Amino acid sequence: MRHIISLLLENEAGALARVASLFAARGYNIEALTVAPTEDDSVSRMTIVTCGDERIIEQITKQLNKLIDVIRLLDISESGHIERELMLLKVRAKASERDELKRLTDIFRGRIIDVTSQSYVIEMTGDSAKLDAFLANLAPSQIIEVVRSGPTGILRGERGLHL
Amino acid sequence: MDLSGAEIVVQALKDEGVEFIFGYPGGAVLHIYDALFGQEDVKHVLVRHEQGATHMADGYARATGKTGVVLATSGPGATNLVTGIATAYMDSIPMVILTGQVPTPVIGSDAFQECDTVGITRPCVKHNFLVKDRGELAETIKKAFYIASTGRPGPVLVDIPKDITDPNVKVPYHYPDSVSLRSYKPKVKGNPRQIKKATEMILSARRPMIYSGGGVVLGEAASELTELTRWLNFPITSTLMGLGAYPGSDRQFLGMLGMHGTYEANMAMHECDVLIAIGARFDDRVTGKLDEFCPYAKVIHIDVDPASIAKNVPVDIPIVGQVKPVLTDLISLLKSSGHQPNPEDLESWWARIEQWRSIECLRYDRKSTLIKPQYVIEQLWEITGGDAYVTSDVGQHQMWVAQYYHFEKPRRWINSGGLGTMGFGMPAAVGVKLAHPDADVVCVTGEASIQMCIQELSTALQYKAPIKIVNLNNRYMGMVRQWQEFTYESRYSHSYMDTIPDFVRLAEAYGHVGMRIEKPEEVRPALEEAFALKDRLVFLDFITDRTENVYPMVEAGKAQHQMRLPPWISTDRELA
């Protein structure tokens, strides 16, 4: 099962390494990881996408909680939540391909943000499955470069993860 | 008061009430050593290898409950500490380690004696710090002591670059009385609803079992454990780390459980219907094959570390909190309930246990003309009245102490249970002896383990730590040999040594007394003679039966009740 764990942690040197080395040492999966400071620059927010059965996810959350730098955490995939990932995509766009690429980008509510005579850069956000679906519509030979941020997420409703 | 970084380190240790610091000087800590010079409040113990410093601090911590303190230089000084830090981490021992680091401006430049100490130790510490601002040094040291000694204890390392300790730069010094961290709030009391549920389950048990671990020792809850066990009249077993929390000679104590546990303890675990786990972590050496562990039991688990709960074994009633307050609440709730466990159920349960016990699984050949290692431990137990501090290394001798030295009190049994570190015992004993100079302190070891930190014999002389070393010399790495006998058709691949030193002369060369004992009838007089030499370290080299094995044994992959008993004991009799 795929889980999204959101963490608030001290914005200290080595905090990221502690989280990463915990996953490596205990053999847990990290599918994606994002981290950046919050509105309070002494605190970072991290989003980890991982997978495992209930017992493993329980251990992951407990072991993360044990890290001294971790202030709070929440498995947001257990409640209603919104998930977003940013993708930047560079594709070959010759004259004959341009209309179709533009149409496809519009359908997926993406934007073309850079254009040359031979290429487009497309910006797209959404949950990871949507980005996957967009990529599935392109031929591998069309793709020059894919950059994905990894998912971030937030709970629906008034409840939030804060200090 | 303005102090340099080096002075801050020493003053902080004084303000923390640190008695001993175990260390070894080097370039990156020279400023700190200069600040240590000529003061007597913090006694520095100069070891011969940094690993020895960690084990001494560890032994000191285990015997006293206080935090052990280590000081070493950067690079190789720090890397030499790693085994000892990992040892303390696995057994949840409070320790603060101060390491020197190369000066801040050259960090990352592969400078002389530079290594990424914080990175190298990260997986085996509770937490670590790199101090980049001397203004934060005092508070960081306070945080280190606080984190090391609270919650589930563990080692905390503070890495201090040399420029931070510069004697020429002074800053105002303030050592806080306490610190609080928003990200670290260890739980103390257990949830009352969970404790209530636990009392109901305990009172309804028909075949109960108490399984107690090192957390009871660390959590200073031995008297609560004893009170609870006696009030309930339940059978109790202990892990290797928990021995001594409940009196080892008491009728209700079934001995240690697990891979080399007693027949009665492992059978009772297998058959019980309610298991009360207290400060224990269901280690693989305890559970054996997980799928068949305690198949009929509902499990109550009390532990300060939530991550220990339901890690290996599903738990029905988890109680997160310090063992002492949780047991106190549990006892008062049980006593005020007006109920007791059903005495008839308990009586028939005890009758079954006594049947298991009647096979006397720890019997061994007492008529042998060779020295049996078990006999040495039994004699040691008698001579010391069961009241000595006993450290050990790792292997057969460690198991024999656990089986034959019946610890009556907590903090008397000091061994590396989690990491299984050979070389731990002797330096640990030195640390214990410095903490308890008037007590009998014994290191039980083997000829393989003792050589791993033998250099600390020199430290023992310098700091007047007249411990007794009981070397069970079987000319083999005994536990390796035993596994090779059982599972590798006696192919003894590299498990013996052809060139074992003359330990008597070696002890003498280090300035101590050496004795070699080769006959069973010499065992007791030799021990008596050694303990009469109060002021001398005595190295007793017992030449033991080479082929003795540790029984019972739950072999790898087997379930707890599938024990290999010694060939001279049969369970043919109806025991069910």
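Assorted remarks:
- Any hit, the range A:53-73, residues being at pLDDT below 95, outside any helix (DSSP H, G or I) and either more than 22 Å from A:Gly160 (Cα to Cα) or within 14 Å of chain B (Cβ to nearest Cβ) (or both): yes
- All positions within the range A:50-97 that are open to solvent by 70 Å² or more (accessible area, probe 1.4 Å) and of a type in the set (Ser, Thr, Tyr): A:Ser96
- Cβ-Cβ distances below 7 Å connect the following pairs, each with a first residue in the range B:345-356 that is farther than 13 Å from B:Glu271 by Cα and open to solvent by 20 Å² or more (accessible area, probe 1.4 Å), a second residue that is modelled with pLDDT under 95 and hydrophobic (A, V, I, L, M, F, W, C), and a separation of six or more residues or different chains: B:Gln355/B:Leu575.
- At least 2 residues being open to solvent by 20 Å² or more (accessible area, probe 1.4 Å) is the threshold, and among the strands (runs of 3 or more DSSP E) wholly inside the range B:13-115 those reaching it are B:43-46.
- Among (1) touching a residue at least 60 places away in the same chain (Cβ under 8 Å); (2) under 21 Å from B:His260 (Cβ atoms); (3) open to solvent by 20 Å² or more (accessible area, probe 1.4 Å); (4) not in a helix (DSSP H, G or I), the one test that B:Gly420 misses: (1)
- Matching residues in the range B:297-310 - criterion: being within 9 Å of another protein chain (Cβ to nearest Cβ), in contact with an Asp or Glu (Cβ under 9 Å, 6 or more places away or on another chain) and open to solvent by 20 Å² or more (accessible area, probe 1.4 Å): B:Ala310
- Among the residues of the range A:32-49, those identified as β-branched (Val, Ile, Thr), away from every other protein chain (no Cβ under 13 Å) and open to solvent by less than 50 Å² (accessible area, probe 1.4 Å) are A:Thr34, A:Thr38, A:Thr47, A:Ile48, A:Val49.
- Assessment of the range B:191-211 against the conditions (open to solvent by less than 10 Å² (accessible area, probe 1.4 Å), among the small types (Gly, Ala, Ser) and over 22 Å from B:Pro343 (Cβ atoms)) yields no matching residue.
- Taking the range B:311-348 as the range and being of a type in the set (A, V, I, L, M) and more than 14 Å from chain A (Cβ to nearest Cβ) as the test, the residues that pass are B:Ile317, B:Ile319, B:Val323, B:Val326, B:Leu327, B:Leu330, B:Ile331, B:Leu333, B:Leu334, B:Leu346.
- Failed item in (1) open to solvent by 20 Å² or more (accessible area, probe 1.4 Å); (2) out of contact with any strand residue (DSSP E or B) (no Cβ under 9 Å at 6 or more places or on another chain); (3) more than 13 Å from every other protein chain (Cβ to nearest Cβ), with B:Pro123 passing the rest: (3)
- Test: residue in the range B:316-338 that is touching a strand residue (DSSP E or B) at 6+ places or on another chain (Cβ under 6 Å), open to solvent by 10 Å² or more (accessible area, probe 1.4 Å) and in a loop (DSSP other than H, G, I, E, B): yes
- B:Gly478 vs. criteria in contact (Cβ under 8 Å) with a residue 40 or more places away in the chain, in contact with a Leu (Cβ under 9 Å, 6 or more places away or on another chain), open to solvent by less than 40 Å² (accessible area, probe 1.4 Å) and on the phi > 0 side of the Ramachandran plot: no
- Reported count of residues in the range B:482-505, each being in contact (Cβ under 8 Å) with a residue 24 or more places away in the chain and buried (at least 18 other Cβ atoms within 10 Å of the Cβ), is 2.
- When residues of the range A:15-31 are limited to those that are over 9 Å from A:Thr50 (Cβ atoms) and either free of Cβ contacts under 8 Å to residues at least 12 places away in the same chain or more than 14 Å from chain B (Cβ to nearest Cβ) (or both), the one surrounded by the most Cβ atoms within 10 Å (Cβ to Cβ): A:Ser21
The values are calculated or read from the model by the stated rules, or taken from the named source; none is laboratory data. Bear in mind the structure is a predicted one, so any value in this text is a computation, not a measurement. Don't worry about glycine lacking a Cβ; one is built from the backbone with ideal geometry, like all the others, and counts go over all protein chains shown. Calculation scope for accessible area: heavy atoms of the full protein, side chains included, ligands and nucleic acids excluded. Shrake-Rupley method; radii C 1.70, N 1.55, O 1.52, S 1.80 Å.
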